[in-house]
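Have a look at the structure below before the remarks.
The values are calculated or read from the model by the stated rules, or taken from the named source; none is laboratory data. Everything numeric in this text was worked out from a predicted model, so none of it was measured. A quick note on method: Cβ atoms are made from the backbone with ideal geometry, for glycine too, and the neighbour counts reach across all protein chains shown. Remember, those area values only see protein heavy atoms, side chains included, never the ligands or the DNA or RNA. Shrake-Rupley method; radii C 1.70, N 1.55, O 1.52, S 1.80 Å.
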Amino acid sequence: MSRKLYISDCHFFHKALLTSMDRRPFEDLDQMHACMIRQWKAAVGPRDEVYILGDFSYGKGQETMEILDQLPGRLHLVIGNHDQWFRKLDEEHLSRFVWAAPYKEIRDQGRHVILSHYPTFCYNGQYHVGKDGSANVYMLYGHVHDTRDERLVHHFMRQSQQMEVRGRDGTVRQLPCQMINTFCMFCDYRPRTLSEWIAIDAERRKKLDLETADMEEILHPDWGKRDRGNQRKTQG
């Protein structure tokens with residue numbers, strides 16, 4: 001039985017990410033490539049559908065082909081800003097991809113999935129919910145890695161989720177905002193199912209919530225005093 005798996009920003013051949021931004025824990029590119037290929041093979045079967053959400057490789061066409069030859073699965077590519085190598089693939093390696101596009105929407109076990117290299121804040125179907133009222137549309141993205149831009153995305157998500165919207169039946173509920181960063185370092189370089197990503201993302205965002213709260217206390221120490229003062233007035 002095949003599965004749908006997702007991953008982004010592998011950045012094969014991108015040496016700078018070992019020393020800046022990601023600071024990946026490898027001595028050199030050979031060690032990084034060996035680890036990522038090993039992790040991919042451990043997670044992906046030959047019939048699995050793997051959706052790569054951009055920036056698969058920073059290398060040239062021929063050397064990227066050598067990586068592609070080692071990876072199992074039926075590959076789908078959401079083209080990222082560092083995927084210039086894709087335009088230089090020969091016919092044999094172009095056939096490794098079921099499709100390649102800058103944006104796609106697919107179905108995955110009854111859920112609607114938006115696929116984009118770049119985070120899309122107001123995505124198609126964001127307001128849709130299932131019969132039980134739970135959100136059933138997910139926006140999967142990459143591009144921002146684990147940077148300050150990802151913190152901005154997280155802040156937007158939390159602000160959005162605090163908003164109230166009125167449904168067609170008149171009921172008021174919280175605004176769904178189901179955005180998941182499928183950055184390869186968040187999943188130990190293994191493509192993961194949507195259900196796995198939902199769990200990974202939930203746990204990671206709990207930590208970001210704490211980080212954000214701590215940063216607010218550092219940047220705005222008077223806010224905490226003001227809130228505590230308001231609480232005392234309310235209680236009194």
Going by the alpha-carbon gyration tensor, a ≥ b ≥ c the square roots of its eigenvalues, is the stretch 75-183 rounded (a/c under 1.5) or, if a/c is not under 1.5, prolate (a/b greater than b/c) versus oblate? oblate
Among beta bridges that DSSP assigns inside the stretch 19-117, antiparallel share in %, nearest 5: 45
What is the distance in Å between the Cα centres of the stretch 111-164 and the stretch 1-74? 24
Neighbourhood charge, 10 Å Cβ-Cβ cut-off, centred on F56 and excluding it, Lys, Arg +1 and Asp, Glu -1: -3
Two pseudo-spin positions, 7 Å from Cα along C-beta at T147 and at D132, lie apart in nanometres by 3.8
Restricted to the chain, the DSSP antiparallel beta bridge percent, nearest 5, is 35
Using the structure shown, select from K60/K207; K15/K207; K41/K131; K4/K60; K88/K207 the pairs with a Cα to Cα distance greater than 32 angstrom. K60/K207; K41/K131; K88/K207
Theoretical FRET efficiency, 1/(1+(r/R0)^6), r = Cβ-Cβ of R168 and W99, R0 25 Å, to 0.05: 0.15
Order of exposure, largest accessible area first, which applies to T19, T147 with probe 1.4 Å: T19, T147
Most mobile of C177, C122, C187 in a GNM of the chain (Cα contacts under 10 Å): C122
T171 - accessible surface, heavy atoms, 1.4 Å probe, Å² rounded to 10: 70
Which of M139, M32, M179 fluctuates most in a GNM of the chain (C-alpha springs under 10 Å)? That residue is M32
Surface accessible to a 1.4 Å probe, per residue, for the residues of the chain, Å²: 56
Using mean Cβ contacts within 10 Å as the protection proxy, how do 47-59, 107-119 order, highest first? 47-59, 107-119
Expressed in square angstrom to the nearest 10, the accessible area of E91 with a 1.4 Å probe stands at 140
Which value at 222 nm does the chain reach when only helices count, each DSSP H run of 4 or more adding -39,500 (n - 2.57), with the total divided by all residues and rounded to the nearest 500 deg cm²/dmol? -11000 deg cm²/dmol
May I ask what percent, to the nearest 5, of DSSP beta bridges between residues of the stretch 82-207 are antiparallel? 60
Just A213, A135, A100 to compare: in a GNM of the chain, with alpha carbon springs under 10 Å, which one fluctuates most? A213
Helix by helix, which DSSP H runs in the chain go 15 Å or more along their axis at the Cα atoms and have an average Kyte-Doolittle hydropathy of -0.5 or more? 29-43, 194-219
Given labels modelled 7 Å from the Cα in the Cβ direction, how far is it in nm from R87 to E203? 4.0
In whole percent, and with a 1.4 Å probe on the protein chains, what portion of the accessible area of the chain is carbon and sulfur? 51
Proximal charge balance of M65 [Cβ under 11 Å; K/R count +1, D/E count -1]: -2
Take C122 and R47, extend 7 Å from each Cα along the Cα→Cβ direction, and tell me the distance between the two endpoints in nm. 4.3
